[in-house]
Every structure is written in structure tokens, then in C-alpha cells.
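To start, the structure under review is shown below, and the notes come after it.
The values are calculated or read from the model by the stated rules, or taken from the named source; none is laboratory data. None of these values were measured; they are calculated from a predicted model. Virtual Cβ from ideal backbone geometry, glycine too; neighbours counted across all protein chains shown. SASA here: full protein model, heavy atoms, side chains in, ligands and nucleic acids out. Shrake-Rupley method; radii C 1.70, N 1.55, O 1.52, S 1.80 Å.
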Amino acid sequence: ALQTAGLRMLQELQIPEPLELYRAAWSNGQCPRDVAGIILAKVNASQCFSPEDVRSFYSFFRQMAGQQDECVYVAGLLLTQLMERPSWSLPFLPEVVAELAMLPGLTNDAVQALKTSTSHVNEILHALTKVLVSSRLAERAAAGDRLSSELAAKQPEARVLNDLYQIRSFASLRDLARSVGLMQLADCDPDALLGFVGELLRAWQGPRQNDSDSLLDCTLAVWAKLLRPGQLDTWPAVLTAMEKRLARCGSPRDLGALVAAIVAEVSSLSIADAAQHGSALAIVREMIQRLLSEHLAVPQFESKHTMDSIAKAEMQKRCEARNQVVLKQWPALLANGCTEAETAQLFSACPEGKRVEFADAFVHAAMQVATKHREALAKWRQKRPDQGWRHEGGIPVDKVQVGSEATGRVTNSSAEFGVFINFGCVKDGRLNVPTSDWTNYRVGDEVTGMIVNKVDIKKTNQFIELILVRDRSSQLEAQSSVSSWQVACRTVQWLSNPPEQRNLHLSTISSLWAKVMNANFGDLSFEEGLGLLGSPLPQPKDCSQLVNELLLGPPERDMARQALDWLGKVLPEDAVRLWTAWLERATGFADTESEAANASDMIALLRLCEQEGLELPKIPKTVARGFVLETLELLAASKMPEARLLALQALWEQHWQVEDLPSVLIDLKSDPCEVVAVAARNLWATLTSTEAFGGQGGQGAATSSDEDSDSENGSEDEETGSDSAADW
């Protein structure tokens, strides 16, 4: 007890060189077993001993081999400590733990300790391989029911064999492979990894069990760790070895699992250089093509009736595995970005009857990768500080000179709000860059070569715009050839050709095209996006479907306007209908109502209706409420009575105060259209009358009128969904 207390105090007292004290207490291994367990644990926990100096402590288990109970007790203490502290300081410990697996009752603890270790990966792999070899031999020793659970409970040796035999189950091996796959295998010795994988494959090749497929999947995932970014010259040999092993011993399903494991590993690698990325894809693609042409080939016979049932079943398995590779795994590989030549190789391998299914899956996979990449970059977006974005001690906004040079650091970067720079002012400046470029600016990045382009000082808000005077395009050239979004564009273009077959799956094309255009990571204009559909363009009615799919995105405002302007030339009736739907939808995601109901939108809609002689559609009250004065004046000056009535509707919805009423209302009171004039005079009387509202006027009258109107007509509006002028 005194020895134990003294050993525990060594660490508390921070004895500078406790090794001699440990040796004194050790007594050449003749110390009490509790003391031995504490010493072994503390030696491993310390970082100040060299392995050579303390190796003799761990020979205890060999020296005490004749006293099994003592060995088991001390080994149990050591394994518990190793599982609690997975970072091992001594490189020979995995070898010691592998030997402890041969002690009765400690086999599972030894394997668990090896699985949880986070250090000395090569030594861990060698130790696990040694345990697997022992379990394989134990399986032979247990053959013929020579090892029963009753016998294992009575004899220590039988228990060791039984525990080793239990490791041989596919479920245990699968969990072991999964644990190794989570280790840091990037720099491990390839021979150590191959030895471990070889033992797993030996077990998999034995009698099949329920978990055989999952065991193979986990094993292949570990094997694929030999595909390392900086060692592309070794990839062909690794892939060839995997291919030969699975082709010799596996089924078509197993070959598909091989491709899936390789694709998953390659997709997770960070290969920044575009040339190396292309070379890696080419190496994997060659292996996939070899599998498809040799091992998963589907021969064409004159009549399928010549095959017997076994041949038919085998052919069915090949077809299923081949389709999985072509329609799912190969596209998943290229979805991370590739050259046009790589996508052309994949397109040529697609079965003719699977074009739509293939394109739909490929575009979705590519867009998912592209979106994930953008979301990953969004982590650099800074949360708004509690004190706001203002900087104490900075230059006041009214002192900032337009045209002055600026240098600063990024404080916020997002697609929604843009890039903001702290350049020494009390308020950050917004850097004017394309939407697609915001991901190139991360919080904390220094930005030089800027000038102040605009300073807007208001009581409620202050705005500073910065622009760049240098070109950043050279930094983006390396990304253009590996863009996932470009892969999606090529797929839409491929599915749209030849044009004579396009109508067979136009609905799918419209949906995929809209998805690509709404993402628009490449800043395509609408006209350029139409080029993805081939020439000639679809029929006018089909063009309406294209624009409708695009507007459901929703797209950026400029893209929506371009689409509607284009449709107005092709099918003006549908363009007018979609304009109204777009205005209502844009109101839902705009920051402010005035932003949603931009004057340029109404200018385009009015111009279209006037040029084509079409009636101006009814505008929802949520849209009319956001009309700015410029829009109201535009509507009031229109030649169309419907437009002038819409101006009156907007005036009612906006609850103007009497003293602030715009002059357009006065002008409309004498409108040449009697209905418009009567409606304008009625609105004027309603807003200015004091009798109708119990002596109230101005804003109060308008508000009261609005509340009464809502109360009286609310149920009818809910039933009919009407946004007519009846309310006002």
C-alpha cells in the first residue's frame, strides 16, 4: 500500500527523473501485481522516457508466463489504461498488446485497445494482422466441434481459442475493418496495410455469411487508402491488384463494390492541381472501362432463349452491376469536376434506353457537389457582432472621399449580402464583385488595390461601395476545368441532342436546365444558357415551360427579367401571365417590398402589354403595396386604363397620409377614362373625408377604412382569393 501511494505521488510531486524510483519499486518484476500495473501504466503515460529505457518493464508478461493469474491481472490493468488513453507514447506497445490477446479472457480487450489507439499506425496494423492470423488458426483448431462453450468455461486454453474464433465472425471483422478505416492511414506502410487487408480477404473468401457483402465493402474502403494524392504513379498497380483479386474470387456485385470504394476514396481526396486531378480521373476511368469491357460485358445473342436459367441469372447480375457502375458510380466520380473529354467518355458508355435516368442522376449529383462546395466556403461568413459592424475609432463616413485608395480585411462574405471590407472607416465598405466571386474572399483575407466608388449618407443607413482596380481572373482559371457546375451543364447539353429527340423527354430537360441556370456558378446570361438546349430551340409552348421551370427556382432577379423579356418575344401571352406570378413570388423572398416591386419590372410588363395589345393582368395587393413613387407615376402615365387603376389600388394599399398624397392622384381625378376618374375621386374622398370616419382624418382615416374594409370583406377574399379593386 505504501508503494502504491508513493508511485501515485511521483506525478503529483513532478519528480524530474522518476525512472530510478520506478525501477526500485519494480524489483525486476517481483513487485506486487498492483504495483506492477501502476508502473506499466505510468511509464506509458509519460513522454519523457525513451522506448529502450523502459522496454524491460513490459517483458514482465514473458517472465511471469508460469504465473498466469498474475499476468492476466496486470494485463487487465494495462489494457484498461490503454483504452482510456488511446494516444500511446511507446511504439512497441501494439506488439505487447497482440501478445496479451493470447491470455484467457483478454482477447477482446486487446483487440479493442488496438482498435481505439490513435498512434503508431504501422505497428497497430502489424499487431492486428498477427491477431487475425491467430484467429484463423484458432478456427482450424475449433473445427469439428472440438471446442465447446462448456469446455472453454473450464479450461483457460480453450477459452483463448474460443475468443479468437469469435473474432472470425464477419460482423466482428467488418467492425474491425471499419475502425481501421478511420485511422490515419495516409502515411502508413503499404505492406502493413496490405497484410491486414489480405487477412480480411482470406476470411471473406471462406464460407459466405450474412455480413459478407458489408465485410467486403469495409475491406475495400481500407484497401483504397493506398490511392494517395502525391503518388499517382502507384495508382495503376494498386487498381490492377484490386481488380485481379475481385475478378478472380468475386461476383459482378463485388466488382461494382470495388468501383464504389475507389470512387468514394478518390472523391474525398484533395487534389488542388487541375492537371493531377485530371490524371487521377483518367487512371480510374481506364480501370472502369476495363471492368465494363472484360468482366462486366453483356454479350449480345440472337435469341435469349438459348440460355439456361443459370446463365440468365448470371447475365442479370452482370447487367445490374454494369448499370450501377455506369449510372451511379462513374457519374459520382466525375461529379466533382472533370474535363470535357472525361464526360464524353462517360456519355458514350450510357445505354441508349437509360439516357433520361442517367442525366437526371448525373446533374443532381454534380449540383449537390457544387452546392456543398459553396456551403463549405460559407463557413467563412462572419456572424454579426453584438456591437454591430461599426468600428470604434475609424474614419467617419462623411469624411470618406470618393476615389480614394483603400486597403483592408474581409469582415463578412456571403452570396446574400456580398463582401464587406474593414478599410479603416467606422463602417465597412461593400466590395462590388460578381456574385460568383464572393467565395474567393474569406473572413480575415487582406484585400488591396481598391478605391472608394460611392458614399451614400442617410439618417437611417450609410453605404460605402468599393471597387477593385486589379484583375483576379487569373486566380480562377485553375478552377474552370474542374467545376461541378460545368459538368451539369454538359450533361444538359448532351441530353438535349439530337434536337429531333428532345421532345421525348423535354419535361426532364426543362427541370434540369432550370436547376443549372438557377445555380449559375458560371455567370451565364439567359441567352447563353439557351445554348445548352441546342439548335433550333423548342416550340413556343415548350419555351414557356422552360421559363416557368426557371422562375420556380427562384433565379436571380436579372436572370428572371432576361427570361421574361425573351419569352415576351416568343409567346407574349404566357410572358404576361408569368410576369405576374414572378412579381408575387419575388415579393416572398425580397428583403423589402420596394425591392420586390422594382420599377423596371413594371416598365417591362407595361411595355409588353402595350406593344402586344394585351390586357394588364391583376396585380396582387402584396405586390402593389411595395410600389415606389417612380412606379406609381409610371402607371399613372400609362395609356392603359388598367395601369392607372393599378396606381389607385397601390395608393390605397400603401395607406398614404393626406398631406403626403402624390400629385398623380389629383391628376387621375380628371382622367379621360370615366371609370378611372370616378375611382380616383372616390379614393380622394375616402382619404380626406372626416364625416365617414367619425371626425378622424389623414392616416387615421385611411387606417380605419382599411380595417373596416378588411373586416367586412375578409371572409369573401379568403373564399374567392380576389385581389380586385373592390376593397378600395
* Among the residues of the range 517-538, is there at least one that is at pLDDT 90 or above, among the aromatic types (Phe, Trp, Tyr) and either under 18 Å from ALA359 (Cα atoms) or surrounded by fewer than 18 Cβ atoms within 10 Å (Cβ to Cβ) (or both)? -> no
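Residues in the range 336-350 that are open to solvent by 40 Å² or more (accessible area, probe 1.4 Å) and of a type in the set (A, V, I, L, M, F, W, C): how many? Steps first, answer last, please.
At the first step, the residues of the range 336-350 found to be open to solvent by 40 Å² or more (accessible area, probe 1.4 Å) are 336, 339-341, 344-345, 348.
This time we only want the ones that are of a type in the set (A, V, I, L, M, F, W, C), so: 341, 344.
The total comes to 2.
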* Asked: Checking ALA692 against (1) at pLDDT below 85; (2) within 28 Å of LEU578 (Cα to Cα); (3) in a loop (DSSP other than H, G, I, E, B), which single condition isn't satisfied?
  -> (2)
* **Residue check, ALA186 outside any helix (DSSP H, G or I) and either open to solvent by 60 Å² or more (accessible area, probe 1.4 Å) or of a type in the set (A, V, I, L, M) (or both)** => yes
* Structure fact -> If you go through GLU199, GLU265, the only one that is farther than 18 Å from VAL325 by Cα and of a type in the set (Asp, Glu) is GLU199
* Could you give me the residue pairs with C-beta distances under 9 Å whose first residue belongs to the range 230-245 and is closer than 16 Å to LEU281 by Cβ, whose second residue is among the hydroxyl-bearing types (Ser, Thr, Tyr) and open to solvent by 30 Å² or more (accessible area, probe 1.4 Å) wherever it lies, and which are 6+ apart or on separate chains? => LEU232/SER279; TRP235/SER279
* Residue match in the range 246-267 (condition: within 28 Å of the chain's Cα centre (by Cα), more than 22 Å from CYS218 (Cβ to Cβ) and open to solvent by 30 Å² or more (accessible area, probe 1.4 Å)) -> no
* Among the residues of the range 126-134, is there at least one that is in contact with a Gly (Cβ under 6 Å, 6 or more places away or on another chain) and in a helix (DSSP H, G or I)? -> yes
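Quick grid of which residues meet (1) surrounded by fewer than 19 Cβ atoms within 10 Å (Cβ to Cβ); (2) modelled with pLDDT under 90; (3) more than 28 Å from GLN289 (Cβ to Cβ):
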| position | (1), (2), (3) |
| --- | --- |
| LEU334 | no, no, no |
| VAL356 | yes, no, no |
| ARG374 | yes, yes, yes |
| GLN387 | yes, yes, yes |
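Would you say GLY553 is open to solvent by 30 Å² or more (accessible area, probe 1.4 Å), touching a helix residue (DSSP H, G or I) at 6+ places or on another chain (Cβ under 6 Å) and at pLDDT below 85? So that I can check it myself, show each step before the final result.
Values: open to solvent by 30 Å² or more (accessible area, probe 1.4 Å): yes; touching a helix residue (DSSP H, G or I) at 6+ places or on another chain (Cβ under 6 Å): yes; at pLDDT below 85: yes.
Against the criterion (open to solvent by 30 Å² or more (accessible area, probe 1.4 Å), touching a helix residue (DSSP H, G or I) at 6+ places or on another chain (Cβ under 6 Å) and at pLDDT below 85), GLY553 qualifies.
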* Return the residue satisfying two criteria in turn: it lies in the range 49-58 and is in contact (Cβ under 8 Å) with a residue 24 or more places away in the chain and open to solvent by 20 Å² or more (accessible area, probe 1.4 Å), and of such residues it is farthest from THR118 (Cα to Cα). => ASP53
* Structure fact -> Of the conditions (1) open to solvent by less than 40 Å² (accessible area, probe 1.4 Å); (2) polar (S, T, N, Q); (3) at pLDDT 90 or above, the single one that THR116 does not satisfy is (1)
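Just the residues that are among the aliphatic types (A, V, I, L, M) and either closer than 17 Å to GLU70 by Cα or in contact (Cβ under 8 Å) with a residue 60 or more places away in the chain (or both), please, taken from the range 89-109.
Step one: list which residues in the range 89-109 are among the aliphatic types (A, V, I, L, M), which gives 90, 93, 96-98, 100-103, 106.
Passing the criteria: VAL96, VAL97, LEU100, ALA101, MET102, LEU103, LEU106.
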* Asked: Is it the case that LEU226 is in contact with a Pro (Cβ under 7 Å, 6 or more places away or on another chain), within 26 Å of LYS130 (Cβ to Cβ) and modelled with pLDDT of 90 or more?
  -> yes
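Can you confirm whether TRP582 is modelled with pLDDT of 90 or more, part of a helix (DSSP H, G or I), over 19 Å from THR491 (Cβ atoms) and of a type outside the set (A, V, I, L, M)? Even if it seems obvious, please write down each step before you answer.
On the way: modelled with pLDDT of 90 or more: no; part of a helix (DSSP H, G or I): yes; over 19 Å from THR491 (Cβ atoms): yes; of a type outside the set (A, V, I, L, M): yes.
It is false that TRP582 is modelled with pLDDT of 90 or more, part of a helix (DSSP H, G or I), over 19 Å from THR491 (Cβ atoms) and of a type outside the set (A, V, I, L, M).
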* To do: Can you tell me which residue within the range 428-461, out of those that are assigned to a loop (DSSP other than H, G, I, E, B) and open to solvent by less than 50 Å² (accessible area, probe 1.4 Å), is modelled with the lowest pLDDT?
  => VAL433
* Verdict on ALA370 being at pLDDT 90 or above, open to solvent by less than 70 Å² (accessible area, probe 1.4 Å) and within 30 Å of THR491 (Cα to Cα) -> no
* Among residues of the range 129-163, those that are surrounded by 14 or more Cβ atoms within 10 Å (Cβ to Cβ), modelled with pLDDT under 90, closer than 15 Å to PRO104 by Cα and hydrophobic (A, V, I, L, M, F, W, C), counted -> 7
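Out of everything in the range 401-427 that is open to solvent by 20 Å² or more (accessible area, probe 1.4 Å) and of a type in the set (Val, Ile, Thr), what residue ends up being modelled with the lowest pLDDT?
VAL402
If we only count helices (runs of 4 or more DSSP H) wholly inside the range 309-368, which ones have 3 or more residues that are in contact (Cβ under 8 Å) with a residue 12 or more places away in the chain and of a type in the set (D, E, K, R)?
Values: elements: 309-324, 330-334, 340-349.
Answer list for the range 309-368: 309-324.
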